[in-house]
Every structure is written in C-alpha cells, then in structure tokens.
Amino acid sequence: MSGERLWGWWTEWKLELLRDYLSAFTTASKSVSETTYLDLFAGTPGSRSRETREPLQSGAEIALEVDPPFTHLRLFELTRADELAADLGSRFPGRDLEVIQGDCNEELRAILAKGDLPPWAPTFAFIDPDGPDCWWSTLRTIAEFKQSTSKYKVELWMLFPHASMTRLLKKTGTLRPDFADRITRVFGTDDWQRIYKERVRGRIRPRAARFEYVNLMRWRVERILGYTYTHAYTVRTSRGPLYDMIFATDHSAGHRIMGDTYRKFAARFPQMAQEAKQRRSAQGVLFTVAPESAEYRHEPPLAPYGSPERRRT
C-alpha cells in the first residue's frame, strides 16, 4: 500500500500494550455474546518500525486478530477509508467490519445511532490521534452511548498529545485564536488557560504544566463524563515526554487489569528503549534513551489547577 510511515520503538510499546489489553478485554467478556471495538483514528496498514523497517500492525489489525474475537468493529479514517476497507476486508473476510470515511468528531454520533451496534455489549474505544484532534464532544458521545442499557460505559484508551499541544501554546503568551479554540475543543472547557497563563508567567515549570494538562483531562473524564477510574502513563524519550496514554473505565476489572498491564509494560519499557538504541547504533545512527524512571503507579487525579477545590487541599 502507498503512504508507508515509520514509527519509533515507543509506538511498538504502545501496540504491544494494546494487544495485551484487548486480549484481556475480550477474555473477560466471554460470558456475553457480542463485543464491539471502535478505532477513531484508524490510519492505514503499511506502517514500519523506524529501527528495523519491519512491518507494524495497526490497532485495527490487532483488534481483528485478538482471540476471543470482537463481534463488531467500526473504524474511522479521514482520507483513505476505501483503501483501508479493501485491505482489511480481503484479509479478514466475513467480519462485521465497517470503515467510515471522515472526521470521527463529526461521524461518530451518527454511526452509534444507527442501531446496528448493541449498546449493552462490552465496548472498547481506541483513540490514537497524531495531535490534539479528538474533541471533548466525541468523548462525551462515547461515554453516553451505553448509559440507557448498561451500567458500564465504553472503555476508552486515548493518546493525549501534550507535546504537540505545547508546540501550539507558545510561552510568549501570544496565542493564535484558532489554536486556543482547538485546545478548548480537546478539553471541552477553557480551564486549561489557567495552566497556560501560569506557565507564561514562569510560575510553573514545563514538567508541572504537562502534569496539570493531563490531570485536567483525567479529572474531567472522571467528574464530568462519570468514569470511575482513569490511568495515565507518560511515554518519553531522551528528548523529553512525547505523550500520555489515558485509560478510562467504570469497571473494577478494567481498572485492575490496566493497572497490572501498565506496570508490566513499564518494566518492559527500558528494555525496549535499549533494544532500539542497539538497533539504531548498528545502523550508525545516534540514539539515546531517557534517563528517567519508567515506573508506573496509579494515582487519582487532583482537582484542576487553580480551582477552589484545589486551593482548599
């Protein structure tokens, strides 16, 4: 397929973690007859490892191969949906698989309202944008999908792109209105501006600002969307943090399994970084790994930065 893309070792880590958790998800759901997988930024097959040039499976391919299998799969792809549908349809015939072309922020609600996805079925949403491209309204649509028929919401695992957000939020304090609107759409509120203004004033450091952005998203997912648990893990290289992976569930089993999965893959993270370093060195490319610990420990989110609740703590 055309449009081949190269990804770093941290993407391999993310996809291995996805494979591990999806297997646990469908196994834990064996008592019901149907399960659903949603992929909001599906991309297309053809990705390769930057270090080895070996093929990398997409999240959709992983979901299609997981055993026990998902019953229903809905993928959203902005530009090359026909190509993706043809490729996956030929390799996975007979599956209830639909590829929807368009912006998931605009298309998701109509797809969920069609009635062909059982709202009582255990459902997992993988949200893996390249930048700040998943709107809060989309997360709300996901959270509300099952509320009338099930006590459990759609589980979601999303990439939170604080590095690309930071590139938009220049420390000069001069912020383009369209950039500000884009970040507000991600959070569903302009409360993020309290963090940004303090960063511009030099009152909080970059690391603290990144924590506060992630914390704000987690707090809103729990308090506004009604999820019981969120987990976040920071993916970083020697150049600094790249993004956080935020998981949300209101099922105690999902909370426990993802906590165990994050811990297991946090232990694996330094090894993968070292392996990538060795592969790149063998190619004559300079590569260093992050010196910071990759340990994972779950902590509940704090009240948002600058809020009255936070000031009282």
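Residue-by-condition table, conditions (1) free of Cβ contacts under 8 Å to residues at least 12 places away in the same chain; (2) out of contact with any Phe, Trp or Tyr (no Cβ under 8 Å at 6 or more places or on another chain); (3) part of a helix (DSSP H, G or I); (4) open to solvent by 20 Å² or more (accessible area, probe 1.4 Å):
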position: Arg74; (1), (2), (3), (4): no, no, no, no
position: Glu83; (1), (2), (3), (4): no, yes, yes, yes
position: Ala86; (1), (2), (3), (4): yes, yes, yes, yes
position: Gly94; (1), (2), (3), (4): yes, yes, no, yes
position: Gly115; (1), (2), (3), (4): yes, yes, no, yes
position: Pro118; (1), (2), (3), (4): no, yes, no, no
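In the stretch 151-189, the residue that is most open to solvent (accessible area, probe 1.4 Å) out of those that are part of a loop (DSSP other than H, G, I, E, B) and in contact with a strand residue (DSSP E or B) (Cβ under 9 Å, 6 or more places away or on another chain) is Tyr152.
When the stretch 209-261 is examined, which residues are found to be of a type in the set (Ser, Thr, Tyr), open to solvent by 40 Å² or more (accessible area, probe 1.4 Å) and within 19 Å of Arg140 (Cα to Cα)? Selection gives Thr228, Tyr229. Exactly one residue out of Ala125, Ala143 is surrounded by fewer than 21 Cβ atoms within 10 Å (Cβ to Cβ) and either among the aliphatic types (A, V, I, L, M) or more than 17 Å from Leu216 (Cβ to Cβ) (or both): that is Ala143. The number of residues in the stretch 152-184 being farther than 14 Å from Arg210 by Cα and free of Cβ contacts under 8 Å to residues at least 60 places away in the same chain comes to 12.
List pairs: first in the stretch 13-41 and among the aliphatic types (A, V, I, L, M), second open to solvent by 10 Å² or more (accessible area, probe 1.4 Å), Cβ under 6 Å, 6+ apart or cross-chain? Filtered contacts from the stretch 13-41: Leu17/Phe265; Leu22/Val66; Ala24/Ile257; Ala28/Ala253. Taken over the stretch 190-208, the criterion of being closer than 16 Å to Pro132 by Cα and either open to solvent by less than 20 Å² (accessible area, probe 1.4 Å) or part of a helix (DSSP H, G or I) (or both) is satisfied by Trp192, Gln193, Tyr196. Checking the structure you have, find out if any residue of the stretch 258-275 is among the β-branched types (Val, Ile, Thr) and modelled with pLDDT of 85 or more. Yes, the stretch 258-275 contains a residue that is among the β-branched types (Val, Ile, Thr) and modelled with pLDDT of 85 or more. Could you list, in sequence order, the residues of the stretch 55-81 that are at pLDDT below 90 and within 21 Å of Trp13 (Cβ to Cβ)? Once the filter is applied, which keeps residues that are at pLDDT below 90 and within 21 Å of Trp13 (Cβ to Cβ), the stretch 55-81 yields Pro55, Leu56, Gln57. Inspection of the stretch 125-141 finds a residue satisfying the criterion of being hydroxyl-bearing (Ser, Thr, Tyr) and in contact (Cβ under 8 Å) with a residue 40 or more places away in the chain. When restricted to residues that are modelled with pLDDT of 95 or more, surrounded by 17 or more Cβ atoms within 10 Å (Cβ to Cβ) and among the polar types (S, T, N, Q), the stretch 30-54 contains 2.
The values are calculated or read from the model by the stated rules, or taken from the named source; none is laboratory data. These numbers come from a predicted model, not from an experiment. Heads up, the Cβs are rebuilt from the backbone with ideal geometry, glycines too, and the neighbour counts pull from every protein chain shown. Ligands, DNA and RNA are excluded from the accessible area calculation, which covers all protein heavy atoms including side chains. Shrake-Rupley method; radii C 1.70, N 1.55, O 1.52, S 1.80 Å.
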